Amino acid sequence: MKMMMLALLLAITPLGVMAQQPTDSAERRVALTDTALALDAAGASALEGSLRTTALNGTTDSPVTNIRMVIKNSSTVPYALVSGLVTFYDSSGVRCGEGLFKADALAVGEAFETDTPGIRIRCSPSTWRIVATNLLPRIAPVVENPGVATHSTTNLLISIDGEEHPLQIDRPLVLTLGNAQRTIVVRPAP
């Protein structure tokens, strides 16, 4: 029963997310010579795109199958993975070609030149747009107390006269020295 509820929740979640997307803030179509913007989930500019290829006169019989464009990270977030879709429209607003782009490890303000595999532009486009489909942020792990984090994975051994004893941070080790028992506690330095 729990598995069915989890599966149902996972199936419904994308519908709830799609319902929250505002339709008026979608990526705008721009002229081929203008910079296209792709928005993040909050509606802020995440990527800027500009075309390097200028000859985009395709037909149904002879489509344009390769273009070059430059994508720039215009957000304040460094990304581990960026991918998206570029779409071209003719003068009457009909979609006549689309392709994909992707890059790994994109820093803030960094740009990359790319092509769009699989594109087939079947018109002489007048406008275009880009849409970010994946914006995976590069997040460094947060370590609140570095002393504890580094010692938790370290294996410590103490060797006394060839006999090895494991040490654990803040755990006492009791040794018999002669007739007396001694307690040793290892702690991280302040």
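The values are calculated or read from the model by the stated rules, or taken from the named source; none is laboratory data. This one's a predicted model, so the numbers in the text were calculated from it and none came from an experiment. When we count neighbours, we look across all protein chains shown, and the Cβ atoms used for this are built from the backbone with ideal geometry, even at glycine.
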### Summary
Of the listed residues (R52, R28), the one being touching a strand residue (DSSP E or B) at 6+ places or on another chain (Cβ under 9 Å) and at pLDDT below 90 is R28
### Task
Return yes when A80 is in contact (Cβ under 8 Å) with a residue 12 or more places away in the chain, aliphatic (A, V, I, L, M), over 19 Å from E27 (Cβ atoms) and surrounded by fewer than 20 Cβ atoms within 10 Å (Cβ to Cβ) and no when it is not.
yes
### Message
So, in region 51-75, how many residues would count as being of a type outside the set (A, V, I, L, M, F, W, C), more than 31 Å from the chain's Cα centre (by Cα) and surrounded by fewer than 20 Cβ atoms within 10 Å (Cβ to Cβ)?
### Response
6
### Query
Based on what the data block shows, is G118 at pLDDT below 90, out of contact with any helix residue (DSSP H, G or I) (no Cβ under 7 Å at 6 or more places or on another chain) and more than 18 Å from D34 (Cβ to Cβ)?
yes
### Query
For region 115-128, which residues satisfy the criterion of being touching a Phe, Trp or Tyr at 6+ places or on another chain (Cβ under 8 Å) and buried (at least 18 other Cβ atoms within 10 Å of the Cβ)?
T116, I121, C123, P125, W128
### Summary
Flagged pairs (Cβ under 6 angstrom, 6 or more apart or on separate chains; first in region 50-61, over 11 Å from C96 (Cα atoms); second of a type in the set (D, E, K, R)) are R52/R68; T53/R68
### Task
Would you tally the residues in region 100-110 being surrounded by fewer than 20 Cβ atoms within 10 Å (Cβ to Cβ) and in a strand (DSSP E or B)?
5
### Message
Six or more apart or on different chains, Cβ atoms under 8 Å: show the pairs whose first residue is in region 110-121 and closer than 15 Å to V82 by Cβ and whose second is polar (S, T, N, Q) and modelled with pLDDT of 90 or more.
### Response
E110/N73; A111/N73
### Query
How many residues are in contact (Cβ under 8 Å) with a residue 60 or more places away in the chain and under 25 Å from the mean Cα position of the chain (by Cα) if we restrict to region 85-106?
0
